[in-house]
Each structure stands twice: as structure tokens, then as C-alpha cells.
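Okay, structure first, notes after.
The values are calculated or read from the model by the stated rules, or taken from the named source; none is laboratory data. Remember, it's a predicted structure, so these values are computed and weren't measured experimentally. Reconstructed Cβ throughout: ideal geometry from the backbone, glycine too, with neighbour counts over all protein chains shown. Please note that ligands, DNA and RNA were not included when accessible areas were found on the heavy atoms of the full protein model with its side chains. Shrake-Rupley method; radii C 1.70, N 1.55, O 1.52, S 1.80 Å.
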Amino acid sequence: MPGLPPDDELQLQDEVLLAEVRDAFGVIRVVQIGAYRFLEFGDAIEQSCVFQGDPSWLEYDYTRAMLLGALCHDAPETALFLGLGAGNLTQACLKFLPLEDVEAIELRPDVPRLAMEFLGLDDDPRLTIRIGDATELLDSAETADLIFLDLYTDQGPGVGHLAWRFLERCREKLNPGGWLIINQWAGNDGKPLGAALLRGLYHRHYWECPVKEGNVVLLIPADLDQRLNMGRLQMRAGELAPRLGYSLQPLIEALRPAT
């Protein structure tokens, strides 16, 4: 499986605009460069990257780190995605995890439509997509073994990423033994955005995975008695590597306790 070409090589390839729509929140575009398609918000702010040959392929480390967080659970059956984007993380989880029921909440109705039309999102019978604000719809969602929080706009992370009560409700929606996985911005110090808030809310009981895109992925267990079993995590990641086409080991080595 090829990786994303270097930036200078991408710049030499023609960018093809496949779709452009405007909604109440601004512009959404789908563009293609070589074998890759990109979902963009606003002024060419990239939200997702999809390899046409395999829409479940995770190109960026932050998405791979979120998949790694899913492997913390022994056998997840249910998942909730707060923010869908192109859906490649959702598709990877449906493909590689024993999931039976998956719900995604997406703010913008054109996003799943474009993802299905241009970005390879499958109409999987296990997947239900609801349109609306995740901060408002969370209470009506089913509890889940895995919850993925990735609410980004063309301005950066959504308000839910720094909202105490919303983040608290996300963890409360976890089934026993579940994991909340958050794609959080990082500051210049390498700590996640809102580090003090996160430490207080989750009692310093979570793990961080800094990634080269500049984010920090947080792995938060459902309760304080729950631990990250590094041995099992390495075993699952090793078993999955041949199917993924890449190794998660560098991300495992980057894991650290809450900063």
C-alpha cells in the first residue's frame, strides 16, 4: 500500500475539484490529487484524506492512533463517532473490529452524502448516521464500548473539545470497560489543548499519544479502576498489522501517561 507522496510531489500533480457545496456553515469541497481524495472545509482546510484504492486505509498518524485506542478494548461490539468526516476511520473500525452496531453523529448533512458519492463510504447496515450537533444529540445516543470524539471545523476544534459537561457526558455514555478516544489539538508545549481541564475532569487517569500532525490523541477509560494493558495492546496491534498494511508499534511506543 503506497503512502502519501511528499508535499513537493503532490504539488506537481494537478488538483481536480470533484464537488463543491455551500451550507449554513460555509463551503465543503472534495478534491483529488493523484490517487488521493481530500475533504476540505472553508478555505482549503483539509478534514480527511482518502486513498481511492482502499477507503479504510488510514493515511495519517492521528487516525491510526485513534484506531490504536480502539484496540484497548478486548472485544468492542458498539461504537459512537462524534464527527464523521470522510468516514475512513469509521470504515477501518467496521473492517478490523468485531463491531455489530455503529452510530455516527455529523453536523453537516452534505458531509455523509459527499463521503458516499466521492470518498468511498460504504452503506454498511451496521452504520447509522444522524445529522445534528453532537453536543445536543449525545444524550439521545446509545451507550457504546468505544466513543470517538473528532469535532473539527475550518476554524479548529469544536466547542465540545473544551466543554467540561460535554466531555463528562461522553465518558458517561461508555459501557463498562469502554474507552473514549479524543483527537485533541496540542499546544506549543506538546500538551493537549485544555490539559488542565482534562486532568481535573478525568483525574489524570488517561493516556496520551502525540502524533506528527501536531495533535495528541487521548485514550480515556470508562472508570478509574480500568487500566491500559500494554501487553494485550501490543499483541492485538501485532496481529492486525498484516491486515492493516502498516504497524502501530511506533504509536504504542509514543504512549505516555496524562501530562
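Assorted remarks:
- If you take the Cα centroid of the range 35-52 and the Cα centroid of the range 161-175, the two points sit 28 Å apart.
- Unit charges at the beta carbon, dipole of the chain: most positive-side option, A241, G120, C72: C72
- Mean projection area, nm², convex hull over Cα of the range 194-259: 5.1
- Amide hydrogen neighbours beyond the local backbone of Y206, cut-off 5 Å, H modeled: A258
- A straight chain from Q13 to R126 at 0.36 nm per residue would run longer than the Cα-Cα distance by 37.0 nm.
- Radius, Kirkwood style, for the chain when every pair of distinct Cα atoms is counted (Å): 18.5
- Lysines whose Cα lies under 27 Å from that of K191, excluding same-chain neighbours fewer than 8 positions away: K173, K212
- Integer Hz, Karplus 6.51/-1.76/1.60 couplings in order for the range 160-168, x for Gly and Pro: x, 5, 10, 9, 3, 5, 5, 5, 5
- With Cα atoms, 0 to 90° folded angle of helix 230-244 axis to the chain main axis: 20
- Of P242, P157, P55, the one that fluctuates the most in a GNM where the chain has Cα springs shorter than 10 Å: P242
- Residue-normalised accessible area of the range 61-257, expressed per residue, 1.4 Å probe, Å²: 42
- Percent accessible area from carbon and sulfur atoms, the chain, protein chains only, probe 1.4 Å: 50
- Relative packing of 246-257, 25-36, 69-80, which averages over residues the other C-beta atoms within 10 Å, highest first: 69-80, 25-36, 246-257
- When both the range 203-218 and the range 64-119 are represented by their alpha-carbon centers, they are found 19 Å apart.
- With K and R counted +1 and D and E -1, the other residues having a Cβ less than 9 Å from that of D139 yield a net charge of +1.
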